[in-house]
Structure formats: structure tokens, C-alpha cells
Amino acid sequence: MLEDASASLFGQYLTISRLLAGQLDFHSAIRAVAKEINLIIPNDHMDVCIITPGSTYHTAYESGFETAWGKMSAALIANSPLRDLLMGEVDEMLTADASTDPTFNFSGAFSRPIFEHGLRSRLHVALKVQGETIGALSCSRLQPDFYTPADVAKARSIADLLAPYFFALRAADQAKRSAIVEAEARAREEGLRLGALRLTEALEAERQRIGMDLHDQTLADLTRFAKRLERLSLMTTITGETLEPLFRSLQHSMQDLRQIIEEARPSVLQLFGLADAIENHLGRSVRDSGLAIKHQLVDETDGATERLGHSVRVALFRIAQEAINNAIRHSQGDRISVRLAVSSGKLLLEIRDTGIGIGEVDQRSNGVRQQVVL
């Protein structure tokens, strides 16, 4: 009779080993063997807690019903009712009534599920691999004084079966987490590299643009200004009339330089949007020119321009700047109007002036219209 019972128990252990095979995570492994373990050690609640390698935390995986222990992604070992076992100070714990046992109810212990679910009779054995405690197997009954040392011996045999498999699952889980962390780090590094590359390219393009503006505009003006000063130094008499063109040239150079600096930082565009930035540039440019030019901006987009990407808005702002500057410098007109509109799903930027135009065709048109359609 005793031999039959031992053979039956051995068969159950083999079944547990077979059920573990192919399980790829802790939850599925616990569910796979829970019924068979319950046949060997009757329980109302069973859980396996696994220590996170190199840390002071552990995670519980439950069977039977869910408690607050299983809902925590990680818990401090120091606050666990099983801290003595998880810290390696003991290899087993057995109590007739966990609700009154001070071993499970010390200051700071997270023992709430014991009272909420009436987990009174409890047994716990360490999961060990090569002498290292990696977690614990726990079984609980609602009735007190249920488990015996014989049940603890059975739990030890089950733990010996579970420990190597759970050790492998823990190692696989850590490897997966490390791979994810490494992949995220590489992605961030690559993102930063690409972002730095795009920023470098943008800065280089802006540097070249500013350099060309300074070369073609301000530097040329200053060169002419220097030549005039050179000729002036050779004159015997200097009057206000001879100095006046120099003052005017210097003022133009300063104005152009201010404009280049402002164009390098379109702060109004960043703060208030495309329409306000164009209107601000139009008003300031007309005011700085000293010419009697009437001007206006009409925005018919109903805020559609602010839904454009930043680079598109900057490009449109630059186009509007150049068109307005050309109209003020070269058109000789007395009116400039800018219109933003949406037509057939496309954005229209239109700059009109009443100037002389370019060539015979434009002269007959009594002005120039510059359009950009997106």
C-alpha cells in the first residue's frame, strides 16, 4: 500500500515536470502545474514569488484567486511576510494561523491579503538553485492548523522541480529586458545622431544663407562706403552736401544688417504664427524704408497656416520676406498687399504691389503679383 502511494506521488512529480515543459513565462507555468500541485498539497491559494536578480525586490505569481500580492509589479523583500525565507535565513516556514503568528505580522509587513482573504494555515519553502534562494513556493488554506511537516516535505520536492525551470525563466526574462533596454538606448542614440545631423545641416544651410546675404548686400555696401571715404579723404574741402550720401549709405547698411539678423531669428513666427510674422515684417519694412507705401495683410485661412509643419511655415515666411523686400526696393509703387487664403485644399500666398513691374509685359499690367501655391 505504501509502495503504491509512493509510486503515485512520484508519478505526480513527473507530471509536474512534463507540464512545465514549453511554458515561456511565469504566469503560464504556474497555471499549468497548479491543479497537479493541489492534488499533492491541497490549497485554497498558491503562489510563487521570484526575487529580481541583484535587487531587493520580488514579484508574486498566484493561483486560486488574486490578491494584492499578485497585483504589485514588484515589492520590497524587507516588507514581505516571507522576508526571513527570501533573505536566506530559513529554508521553510510553517504556521497554524498566519493571522496571529508574529513571524508574518511585524512592523511594516505587507500582510493585508492574509486578513482580507483569511489565509490562516500556511506553508512556504525556498526555491533554490546551486544553494542560492531565488524565490519561494507558498500554499495556504482558509482553515487553521491544516498543514503538517509531511506537507512541507512534499512542498520541498515540488520546489526542487520548479526551481531550475523558474531560474531559466528568470534568466530569459532578464535577457529580454536587457535586450529591450539596449534596443531603446540604441534607438535613442540613433535618434540623437540623426537629430544632430539634421540640426548640423540646417545650421550649415542657415550659415551659408547669412554669409551670402552679408556678402551680396552688407559687404558690398560697406565696400562702396569705404571707396567714397577714400575719395573724400583726397578732397580739400568737406561740406554737409558731400557727407550726406555717406550717411545715407551707412544707414542703409545698418538697416540691411538688422534685417539679416532678424531673419536669422524669426521670433515673431515662433511666438505668434505665420500671419502675424508676415504682417510684422511688412509693417517694419515699409516703416524702415521711409517711403509712403500703404500696406495690408489679409488672412483668409481661418488658422490653417498654424496646422502646417514648422519647416513649411519657416519656408513660407522666408518667401514672403523676400517678396516684400523686392517690392519695397524695386517696385516704386505706393501700395503693397499680402493675402493668405485656402482654395481647393491648397494654401495661397499672394503678394501684390502697384509698382512698375519687370519688362514690357509687367509694365502694362500696372503692378506685379507674386504667388506661391501649396
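Points to keep in mind about this one:
- The condition of being β-branched (Val, Ile, Thr) and either at pLDDT 95 or above or more than 40 Å from the chain's Cα centre (by Cα) (or both) holds for only one of Val129, Val90, that being Val90.
- Within the stretch 147-166, the set of residues being touching a helix residue (DSSP H, G or I) at 6+ places or on another chain (Cβ under 8 Å) and modelled with pLDDT of 90 or more comprises Lys154, Ser157, Ile158.
Here's the yes/no breakdown for (1) charged (D, E, K, R); (2) out of contact with any Leu (no Cβ under 6 Å at 6 or more places or on another chain); (3) surrounded by fewer than 21 Cβ atoms within 10 Å (Cβ to Cβ); (4) in a loop (DSSP other than H, G, I, E, B):
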| residue | (1), (2), (3), (4) |
| --- | --- |
| Gly88 | no, yes, yes, yes |
| Met93 | no, no, no, no |
| Ser99 | no, yes, yes, yes |
| Ser107 | no, yes, yes, yes |
| Gly118 | no, no, yes, yes |
| His124 | no, no, no, no |
| Lys128 | yes, yes, yes, no |
| Cys139 | no, no, no, no |
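- Considering (1) assigned to a helix (DSSP H, G or I); (2) at pLDDT 80 or above; (3) surrounded by 10 or more Cβ atoms within 10 Å (Cβ to Cβ), the lone condition that Pro144 does not fulfil carries the number (1).
- A search for C-beta distances below 6 Å between a residue of the stretch 280-304 that is without any contact (Cβ under 8 Å) to a residue 24 or more places away in the chain and under 17 Å from Phe317 (Cα atoms) and any residue that is surrounded by 18 or more Cβ atoms within 10 Å (Cβ to Cβ) and aliphatic (A, V, I, L, M), counting only pairs 6+ apart in sequence or on different chains, returns Asn280/Val268.
The values are calculated or read from the model by the stated rules, or taken from the named source; none is laboratory data. A quick note: this is a predicted structure, and the numbers were derived from the prediction, not measured. Quick reminder, even Gly has a Cβ in these numbers, built from the backbone with ideal geometry, and neighbours come from all protein chains shown.
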